[in-house]
Amino acid sequence: MEWDFKGSTFYCFVSFPHTDAVTFFFSAKNCVRICIQNLLNIGADVSGPVLAEVAVAVFSFIRDTYHLSPDLFTEFDSNNGYQALETILKRCEEGVCLEEFRPVEELLALIASFTFLGKAELKVALCVTNPQPPGFKFDPPLTKGSAVKNLPAFHLLQASMLRSNDICLCSQLLQTIHTIWKRDPANFFLLEWTVQSMTQLAACVWSKPPPVQELFFSIMTVHSSMLAEVLSDGGLLELLLGELRRRAKILRKAGPFSKTSSCWDCNLCYFYYYFCLSVSVSIRDLGMVPYIKIFLDEDQYRGPTLSILEQLAEINADEFMSTAIGALCSSTQQELRLKQDLLQSLQRVLENPNSWDAFRKAGGFTGLLSLVTDMEGALSDPPKGDVWRMLGHQQILELLLLTLHILALTVHLHTVNAHHFETGGFYDKLAEALLQLGCFHTDCPETENWDEQRCSFPKTAAEKQTPGRSFFEFVELADASVTNPSITPQPHLPVTLKACVRLLFYLEQFAIGTFFPQEFKFGQESCDGWDEETESQQGLTIIVHPGAVRIITTLLPKVFCAEDSQLSMDVQFSVAHHIQCLVKSERNRQIMCEGGLVSTLLTYCRSMLLTPNHPLHVPVTRILEKLSSQAITASDFRTFLRLGNPLMCLSNLFFYFLKLDQHTEVSGSSVKKLKRTFSLLEPSFGSSLPVHQIITLVSMTAPRTFRPHRLSSSPGFVEFDMKESGYGCLFLPSLATVKGVTANTIPTGGIGGDCRGFPPAAGLSFSCWFQINRFSSACDSHPVRLLSIVRHMSRTEQQYICLSVSFSANDGCLVISTEEEAFTYLDMMEPEVSTPTSLSTSLRFRCSSMLVPGQWHHLTVVMAKDMKKSCVTTAYFNGKAVGTGKMKYIQQFPGHYVSMDPTAVIDVYGVMGTPAPWKEHAALVWRVGPSYLFEEALSSEAVTVVYTQGTAYLGNFLALHNTGLDPDARPVPLRMVSEERISFGINPAVSTLTTVAQIREDYNEVDCRLIAKEMGITSRDQSTPVFLAYNISHHLSGTARTIGAALIGHFGVRKFIPSFPSNGFLYAGGPAVALSLVAMASDDSSLYAAVKVLLSVLETNSAMQQEMLRINGYKLLAFLLKMKGSLVSCRTLQLILCLSSSVELSCGTGCIQNVPAFQALLCDLEVNICKDLKCYDNKNAAVMHSVGLLPKLLFELTDPAITVQKVKIICCVVTFLLKAQLSPLDISRLGLFLVYTLPPSSTKTEINEMDDVALMQDTQQKTVFESLGSDWFLLFLQGHLHPSTLKLALVLLTRFLSCPDRRSSFREGVFLGTLADDLLSGTCPGFVLLQELLIKNVHLPQVYGALAALEFFLLSISLFVMLLFFLSEIDTQAGTPAQPLCADAAVLLLELVKPTCSAQLRGVTDESWRTQFPANVMQFLCLLHNLRPRDPLWVSSTFLYALVSAAFPMEASEVCVLLYKNQTQEGQMGIFMENVVVFSKTLLQNLYDGTFAGDSQTLLHFLADQILAVRQLQSLYCFKLMVIWIIYNVRHVCTLFFF
């Protein structure tokens, strides 16, 4: 018979339709009988697997159609079918290779299925006399329907198992029998009673191969849990244990390398292993563990022995750990296999959380570190030591990585282990052990590892440096030779560098909490374009164990191979760049600050920080800057300043050697003591701080936001990341306790005197600082729970929430609720059923638009209790009220209770955050900072005071002071609330790391138990670290208060306490350190950086501001800047301006807040700085005035070398000061200074004074003119002065005389004063004196303009202003009569024309102005007459006299006689008509004499107008007719003259 795959496929195809017809056809044709006969007649040359494949293909149809008809199975059973199968099994027992075993496996499965075919049930006797477990009863009907019915088929399997010794076949037979047992629980019992299956198998198992034995015992143990009892009852346990002791003693005496062990020992060990899985408790109780340990030394027993110990670890992990760690520590270098097996066993056991504490208690960290220490030199090239030299680097590295993996696993999985590993200094010990492995270069200092000539990195730190290959690319190169040894990657990494890269990579995985290979995305390690939003979107790594990064930094300078220094530097740079990328996020920076990376950088990377052209200078410096901007300890900051031993760092050493030298000198006189001196200007010992180090200080101290620092700087906080574990909170135990009248003996929590009541009778106020970094996503709704107050009444189980303050996750509204709600799991929470009231139990205030992610906000909730059970609740956001509402106040008793038992106690506790019962994973990340609870309602002013104190405030608001340096700021109340009204003040910056056992010892048992319950630990725990933020109000008088807030949570919960670099200055010398940087500056860059450091430090630290004032630091700074005047640039001056104008640059204003700095700096330095302060702010002017800036600026003008630009700036500042802060003293100073600037009469020079808007743009002219006096203005009208000076003086004089009172006083007389030398002495009429002065300047047009303006009492002499005046006069002629014109100005104007006209009569016409100016004056008067024809000026005798004397200087006497003649004739009318007659006649005479040159048309029109004017007069007819006749005659004569 030929059989192949095609035949099998064809048969299966034919028999596939499992129908009754097919079954009937096969039965009718006797197909089964024919197949059996053929199988029995097959020759011996056919292999067993082929026959098995034939049998499976043919007889599977019997199994598949049994449910349709049993005929085929009956035919198989009655025609020697089992004999055919037995023949096939016997051929398979001869041995089958693994590749051909599949048909045999299918055949055994077919035979197993035949055991369930049949109709007759197996019968067993129900009278059981052997000892059975209590309550044992066998009930056959309880079987599941899969009981064994066909014993012949099972006999085939059992017989084959007894005959065969083939490993594969025996193992498969055991698995098949085990499958039958598991098919139904009764099968094992049925077979054991009928064919004694287990007994026969146990009898033959000793002769089977060890793997078969192992499988048998494993099946036996899993199947029967009563095996231990059976063996104990039969006495086999004692026999077995005695034999084991005997073999262990023999093995101990023979030594670890003896060859006396036999196969029996191996079988015994395997049996003992599986036996012990059930009797491990008995083994430990019988003291067998020491004997089991002996078998660890033998390789063949080690596996089962470790398995036994691992099984014991489930019951007693401490014993396993002590055994395994002890064996590791006592092993030698040659026992590498033992170490590896023990480490793998440790790894398996550590999967059980019960073993984590045991590992630490057994000294597991020390043991594994000793294992690493023993590998000293193992990774060098070549390895040191014969043992390591015999092994390859790969095997050594695998052992090392396995050790590190176990360390990382125990640290990562258990908080206590992580805390112990950190505080025990194991990170540093591990770093030291790794440095001695041989792959790291430790033979020379780090400065010698870098050869500037051989490395091609940029030589200056200013150049932008990016790594050629990323760190992960080097990891790929290092792993390439391991995964594919046939391929040599390029570049080729030396053996030591390869080991360094793989170790650093594993440490990096340890740091971020991943301990398995990852698929890296190369090229995405860029540091650019980073922000926290990118982190949340891309899921960038978060550092979990900062100590591992600290180890990487320690090893970084030692990653060097002399074979390829350039490649070594590439690796170093990639590692440094990778660390820089890790600390890009704020969270990672804070974690690394807490982990001490700053100290590691300063210790192990000193040369990189000190050498600007070092390739790693830029990344290492950037890492230090980023970390220090978050937190740096005072000692680390001092270490940074002492890098390179600058200034006086080596002074102590110098004086020590100097003292030794003095003792060694031989001198007859006493030793002269050397006085220690130090100069800020010249270094005595060390050099000054290099500029790159000062720039680093700038980056450390510079504010990171434009908001005010005291409101935006991060306080100590606790962060809750709901994505990690879904919960985390601050738990405040014993917030208050309410006792019944007879419950005095019940112990309570808290610290203080009597119990504190709740709720407060007058109301309460809750205040806190918080920050939301990431809101909940749309798919989750996790609110920001700022405060939840829960209370519980004794003798009841239910707890109730009575007050909650939170931000809703859906709309961001502030929700304040006083509803009594049962405190339970979220899916079970339901509001407490209460009586409906008109008052609401919750309020919602919209403030979502104010919640800016990443910014610190301040919230205050004030609940003012009313007379009834209601309260007025007001919410304040960042000091401003956002809403007010009336709601129900907290009820007296929790839940539905309306009274309490006299023996009961109500305990109240608080929760800030999400407690464990409300666990809910979400994207929410938020932080809580300083928080307070007051038992009274704060006023709005008090809330503002709380907000303005800022995030860094650490007190209880009992001793407040003004913030900033503004002396005029409104004083705040010294004490805002009384001591007894402060319930708690929680600030994470005032905290400690303790344990619940220590809390019991320091405080009380009640709080200890409450905290332990929340943390899920026992109250006697002494190892689990507990972060406890102290109640900073616990020492105040009053009733008992809570001890503080305990941090609850593990993953996603962290705390951070910032320590800004500005605080480090306080511990290193204060402002003197920053001033010394200014003193040591040698160029513009260093000076600018030093001043920038000082500015940043003063802005971010109020204590430094006070210290700067105490030591008069601003004066010292001014002195230093004067000494370095040549180095002061514009950008440095800008910093000085910022330092003086505002303490906080982020304010964005030029408001002078730092008055001492302004007085010391800007008032003594170059006045160019003051230009930017001219912001027209009265507050600035007041400060400038108070420090006496005006006299200093005037004194600055006396410098002969002063520039025009500086004069302009000073004038601007003086103008600004006088406008805002005008005082008689300042005006007198300015006036005297201006008089001082006047040149003598023999000198005529150009004087540039203030412009024409210097003084007259305000309403305080009276003060100005009274301070200066009228004669002061006349001093600037002297003829030898510059015309521009004369113009400005005329402007001022015009303004002075615009007031009638001052004009009258000026007309009466002025004191000559300094003008007595040139003019008359004593008192003289003002206008007369003014005329004498102006006559000397008649050639200047400004003079006439000033007098014309004075004529109308205008304040400007501009022609444009005069034109507007005339136009307004035209429009308002019909309105109210205007103010009379100034006769004094008009007369003075005509008096100036008179000398000009006299000169023309004398024939002096050499200058055009002598002709133009008089004509312009007369035209002006005509225009003025047309505008105001009825003004009293035109009938004034003084004006007419001046007019006539100006027009006709020769006939002035005659005109004067006529003017005063007939003054009694009808009064002024008569005088007017006489004057008209005289004037007409005189005009006619001058016309014929040639002294009047005019237009004929104008003259004739003028005479006609006079005739009309006389006609309109109300006078005597005869007198009026005579005047008209005379004018007509004059007109006729004039007409004849022109013709």
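The values are calculated or read from the model by the stated rules, or taken from the named source; none is laboratory data. Note that the structure is a prediction, hence the values are computed from the model and not measured. Here Cβ is always computed from backbone atoms with ideal geometry, including for glycine, and neighbour counts include all displayed protein chains. These accessible areas exclude ligands, DNA and RNA; they are computed on the full protein's heavy atoms, side chains included. Shrake-Rupley method; radii C 1.70, N 1.55, O 1.52, S 1.80 Å.
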Working only within segment 736-761, note down all residues that are open to solvent by less than 50 Å² (accessible area, probe 1.4 Å), among the small types (Gly, Ala, Ser) and closer than 21 Å to Lys869 by Cα. Ala736, Gly757
Among Ser1059, Ser1085, Ser1096, which is among the polar types (S, T, N, Q), farther than 30 Å from Ala358 by Cβ, under 32 Å from the mean Cα position of the chain (by Cα) and open to solvent by less than 10 Å² (accessible area, probe 1.4 Å)? Ser1096
Check on Val1291, modelled with pLDDT of 75 or more and either buried (at least 20 other Cβ atoms within 10 Å of the Cβ) or of a type in the set (Phe, Trp, Tyr) (or both): yes
Step by step: first the residues of segment 1309-1337, then only those that are modelled with pLDDT under 75 and part of a loop (DSSP other than H, G, I, E, B), then the one that is surrounded by the fewest Cβ atoms within 10 Å (Cβ to Cβ). Which residue is that? Gly1322
Does segment 1233-1241 contain any residue that is at pLDDT below 75 and more than 21 Å from Val1343 (Cα to Cα)? yes
Which pairs turn up if I take residues in segment 66-85 that are part of a loop (DSSP other than H, G, I, E, B) and look for partners that are modelled with pLDDT under 80 and surrounded by fewer than 14 Cβ atoms within 10 Å (Cβ to Cβ) with beta carbon separation below 7 Å, at least 6 apart in sequence or on another chain? Leu68/His18; Leu68/Asp20; Ser69/Asp20
Sole miss for Thr332 among (1) assigned to a loop (DSSP other than H, G, I, E, B); (2) touching a residue at least 12 places away in the same chain (Cβ under 8 Å) is condition (2)
Do we have Leu108 as buried (at least 18 other Cβ atoms within 10 Å of the Cβ), modelled with pLDDT under 85 and on the phi < 0 side of the Ramachandran plot here? no
Among the residues of segment 543-569, write down those that are buried (at least 23 other Cβ atoms within 10 Å of the Cβ) and in contact with a Pro (Cβ under 7 Å, 6 or more places away or on another chain). none
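Here's the yes/no breakdown for (1) aliphatic (A, V, I, L, M); (2) touching a strand residue (DSSP E or B) at 6+ places or on another chain (Cβ under 8 Å); (3) free of Cβ contacts under 8 Å to residues at least 60 places away in the same chain:
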site: Ile982; (1), (2), (3): yes, yes, yes
site: Ile986; (1), (2), (3): yes, yes, no
site: Thr995; (1), (2), (3): no, yes, yes
site: Val1006; (1), (2), (3): yes, yes, no
site: Ile1011; (1), (2), (3): yes, yes, no
site: Glu1014; (1), (2), (3): no, yes, no
site: Leu1036; (1), (2), (3): yes, yes, no
site: Ala1045; (1), (2), (3): yes, yes, no
Inside segment 347-444, counting only helices (runs of 4 or more DSSP H) that do not spill past its ends, which hold 1 or more residues that are farther than 30 Å from Thr603 by Cα? 354-361, 386-390, 393-413
Scan segment 803-826 and report the pairs whose first residue is open to solvent by 10 Å² or more (accessible area, probe 1.4 Å) and whose second residue is outside any loop (DSSP other than H, G, I, E, B) and of a type in the set (Asp, Glu), with Cβ atoms within less than 9 Å and a gap of 6+ or a chain change. Ser804/Glu821
Kindly check whether there is at least one residue in segment 39-50 that is in contact with a Cys (Cβ under 8 Å, 6 or more places away or on another chain), at pLDDT below 85 and not aliphatic (A, V, I, L, M). yes
Val482 vs. criteria surrounded by fewer than 17 Cβ atoms within 10 Å (Cβ to Cβ) and either modelled with pLDDT of 65 or more or small (Gly, Ala, Ser) (or both): yes
Considering each residue of segment 897-922, count those that are assigned to a loop (DSSP other than H, G, I, E, B) and either closer than 13 Å to Cys729 by Cβ or open to solvent by less than 20 Å² (accessible area, probe 1.4 Å) (or both), and give that number. 5
Per-region count, segment 28-76, residues among the charged types (D, E, K, R), within 30 Å of Gly95 (Cβ to Cβ) and surrounded by 15 or more Cβ atoms within 10 Å (Cβ to Cβ): 2
Out of curiosity, is Gly392 over 30 Å from Thr415 (Cβ atoms) and not hydrophobic (A, V, I, L, M, F, W, C)? yes
Note down all Cβ pairs under 8 Å where the first residue falls in segment 563-582 and is farther than 13 Å from Ile623 by Cβ, the second is open to solvent by 10 Å² or more (accessible area, probe 1.4 Å) and hydroxyl-bearing (Ser, Thr, Tyr), and they're at least six residues apart or on different chains. Gln566/Ser456; Ser574/Ser470
Of all residues in segment 1270-1288 being assigned to a loop (DSSP other than H, G, I, E, B) and open to solvent by 20 Å² or more (accessible area, probe 1.4 Å), which is modelled with the lowest pLDDT? Gly1279
Answer yes if at least one residue in segment 875-885 is of a type outside the set (Val, Ile, Thr), part of a loop (DSSP other than H, G, I, E, B) and open to solvent by 10 Å² or more (accessible area, probe 1.4 Å), and no otherwise. yes
Any residue at all in segment 1067-1075 that's free of Cβ contacts under 8 Å to residues at least 60 places away in the same chain, crowded, with 23+ Cβ neighbours inside 10 Å, under 29 Å from the mean Cα position of the chain (by Cα) and not in a loop (DSSP other than H, G, I, E, B)? yes
Across segment 1193-1204, what is the number of residues that are assigned to a helix (DSSP H, G or I), touching a residue at least 24 places away in the same chain (Cβ under 8 Å) and open to solvent by 30 Å² or more (accessible area, probe 1.4 Å)? 2
Residue ID - farthest from the chain's Cα centre (by Cα), chosen from residues in segment 1425-1449 that are aromatic (Phe, Trp, Tyr) and assigned to a helix (DSSP H, G or I): Tyr1441
Look at segment 1211-1233 and say how many of its residues are among the small types (Gly, Ala, Ser) and more than 18 Å from Phe1273 (Cβ to Cβ). 2
For Phe1051, state whether it is closer than 20 Å to Asp636 by Cα and either part of a strand (DSSP E or B) or in contact (Cβ under 8 Å) with a residue 60 or more places away in the chain (or both). no
